Amino acid sequence: MKGMIRSAIALGLVAIAGTSLLTGVDFLTADRITAQERRVILEQLGQIIPGQYDNQLLDDRITFRDEPHFPNGQEVIAYRARLQGEPRALVLKFNAVNGYNGNITLLAGINSDGSLRGVRIISHKETPGLGDAIEIEKSDWALDFSGKSLSNPEPDQWAVKRDGGEFDQFTGATITPRAVVDAVRLALEYFQANREYLFDTTAESAESTSP
Amino acid sequence: MTYRQIFVAGLWQQNTGLVVLLGLCPLLAVSGTVVNAIGLGLATTLTLVFSNLAVSLARRVLRPEIRIPAYVLIIASVVTVIQLLMQAWFHDLYRVLGIFIPLIVTNCAIIGRAEAFASRNAPLPSVIDGLATGLGFCLALVALGALREVIGRGTLLSQAGLMFGELGESLQLTLIPDYSGFLLAMLPPGAFIGLGLLIAGRNWLDARLSGQRERDATTSEPTLDIKTAA
């Protein structure tokens, strides 16, 4: 009995020591980690909408969910870019769910007139050497989206070439680009139907999260 | 055991990755490039040093029946501290290594050293043991990473900027220009094949070295003539 109590106290002490250490380190690093995360997102957003706005992108954002356009109950983040209060563009961060291996997280920059400013893939687990050509570091494929909109090309052309559409696929990898093209088209359709809400300064986020 | 023996054991004789074969999951998964390998290797080494130190300091308080949960608590705390520090100061590298940093907790090499060494030895030898074991693991990771990166991409130290900042960008070596890449080396099977080759290479080298030592030891005394042996 006495041994049991001593063991419990010893284990408790280890837990307290570990917790205090973590609390201390968390206190020391929290600000820096938040700053680093903001820097990473700003760099990613900057690739799509360089300059051309004067508001704080990271603070002017809403999060929402929409089932048919953004499947699997995912949370979508919209970063809004304005110049002197006028909506210029926004960047949607969402997942393409039909990839070869798990979610493909992408950013799509959409001008206020509904045309695409650019698309970047920020994380994925597609096959290296095949599906990973969607990365801008690996190939120029993602640049094909710039300037496209729901009327250019025509809706039935919003597909990879194998499916009779306009977008290139890769040798040995059709599923990955197909998933991205479909997801971007759905995002554009959502934008067209919900433009007012997306730029609304008073719109409430479905729930707030860290960037 | 002398410090020298502890060191040689961790680095070579009992190398975690190539002899004991513990912690293979991160070894196989993160060895795609040299930079990833160094990053995970150093993080694992730090974990081993501090968890061994903590376990050794607490070894008289930790009775046998609570030692395992206590080790897990200690290791998890150390890993989380390292994770937070990496997120703050090596954020880009952290983003590349991702889930494998928290998963260091489950690397059985670490709890193995806590149980087999740190719980029975004084703090200083335990720290040396952690350092040697970690560096041995790091060495295996870097060797496998270099093998896979050269064969798979024709480069060495690509993305070194993730770890060394601006300076690191210039460290990248392109060994084979205009290389189209060899996909197998980058995929999981390449990791297994590469590890197999490394283990075979280590065994071959070890056999040669010990053969050499035996021959050195026997030349001083009158030995069986080779001709008669043949």
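Every number in this text was worked out from the coordinates using simple rules, so none of it is lab data. As the structure is a prediction and not an experimental result, all values here were calculated from the model. Every residue, glycine among them, receives a Cβ derived from its backbone with ideal geometry; neighbour counts consider all protein chains shown.
Just a few scattered comments:
- Of the residues making up segment B:117-127, those that are of a type in the set (A, V, I, L, M, F, W, C) and crowded, with 22+ Cβ neighbours inside 10 Å are B:PHE117, B:ALA118.
- Yes/no for A:GLU189 being in contact (Cβ under 8 Å) with a residue 40 or more places away in the chain, out of contact with any Cys (no Cβ under 9 Å at 6 or more places or on another chain) and not in a loop (DSSP other than H, G, I, E, B): yes
- Matching residues, segment B:87-128, being within 14 Å of another protein chain (Cβ to nearest Cβ), closer than 18 Å to A:SER123 by Cβ, outside any loop (DSSP other than H, G, I, E, B) and not charged (D, E, K, R): B:GLN87, B:HIS91, B:LEU93, B:TYR94, B:VAL96, B:LEU97, B:GLY98, B:ILE99, B:PHE100, B:PRO102
- Every residue from segment B:170-202 that is more than 14 Å from chain A (Cβ to nearest Cβ), surrounded by 13 or more Cβ atoms within 10 Å (Cβ to Cβ) and within 18 Å of B:ILE38 (Cβ to Cβ): B:LEU171, B:LEU173, B:GLY194, B:LEU195, B:LEU198
- Of the residues making up segment B:48-78, those that are more than 9 Å from chain A (Cβ to nearest Cβ), surrounded by 24 or more Cβ atoms within 10 Å (Cβ to Cβ) and of a type in the set (Val, Ile, Thr) number 2.
- Segment A:17-68 - residue that is buried (at least 17 other Cβ atoms within 10 Å of the Cβ) and within 10 Å of another protein chain (Cβ to nearest Cβ) and, of those, nearest to A:ASN95 (Cα to Cα): A:GLN36
- Residue in segment B:58-74 that is outside any helix (DSSP H, G or I), closer than 20 Å to B:VAL127 by Cβ, of a type in the set (Lys, Arg) and touching a residue at least 40 places away in the same chain (Cβ under 8 Å) present: yes
- Index of the failed condition, A:GLY114 passing every other in (1) closer than 27 Å to A:ARG82 by Cα; (2) assigned to a helix (DSSP H, G or I): (2)
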